[in-house]
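Below you'll find the structure, written out as structure tokens, and then a few comments.
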Amino acid sequence: MRDDGLPDNLEEFDFPVSEAPSQFSRKVCQLLRGVELALGENLWEPALILIYAGIDAMAWLDRPEEDLDVRAGHFVDWVNRYMEPEKLLGCTADDLYGARCGMLHSYTGDSKRHRELKVRKLYYHRKVGETVAGLVQLFMPETLQAASVNIDGLLYSLKLGMKRFVDSVNSNDAKKQLVAKRVTASYMSEGTYLS
């Protein structure tokens, strides 16, 4: 366990329901390892895509039982409930959703919500060696003041959100059963093809 209360790796999360805990832990660990590998190589945009996909995956698990698909509102609700975006990142959950759309769909900071002036565009920064480097657009005709999010802070906030989400699942038997059902019914597993 780290000083901030987060496990060193997510395999330490207690998620006791059938096969679901090992499947969940394996998938989350793979995702976070991918983010860390990308950041280690200064591949910021691929790391961001994985972070946003991770939030989508958590929102998919947390969506109401009657909703077959994850939607924007589920993403925003999950971020607000578990990640503390305004306190930890200096942006809103809606800003993160707009940034997610831009990064996943066009590999940019542009999104429909930003063009409609509903969210701020997000830029990114992180400490690299002794300097702080940024990821911004060269041409910035912004109507709304853009925000700059620390990528390492975003990753920390995601890990914190995952821990809080698992804690909420473990404290609610109905939610635990629903999430376990989704994990065991839908997660892909590695296997060997027989020829």
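No other residue among Trp60, Trp78 is part of a helix (DSSP H, G or I), touching a His at 6+ places or on another chain (Cβ under 9 Å) and touching a residue at least 60 places away in the same chain (Cβ under 8 Å) apart from Trp60. Per the conditions (1) outside any loop (DSSP other than H, G, I, E, B); (2) within 17 Å of Ser168 (Cα to Cα); (3) at pLDDT 90 or above, the sole criterion not satisfied by Gly34 is (2). Evaluating Arg100 against the criteria (1) in contact (Cβ under 8 Å) with a residue 60 or more places away in the chain; (2) buried (at least 17 other Cβ atoms within 10 Å of the Cβ); (3) not in a strand (DSSP E or B) leaves one unmet condition, (1).
The values are calculated or read from the model by the stated rules, or taken from the named source; none is laboratory data. All values derive from a computational prediction rather than experimental measurement. Counting neighbours? That spans all protein chains shown, and the Cβs are built from the backbone with ideal geometry, glycine included.
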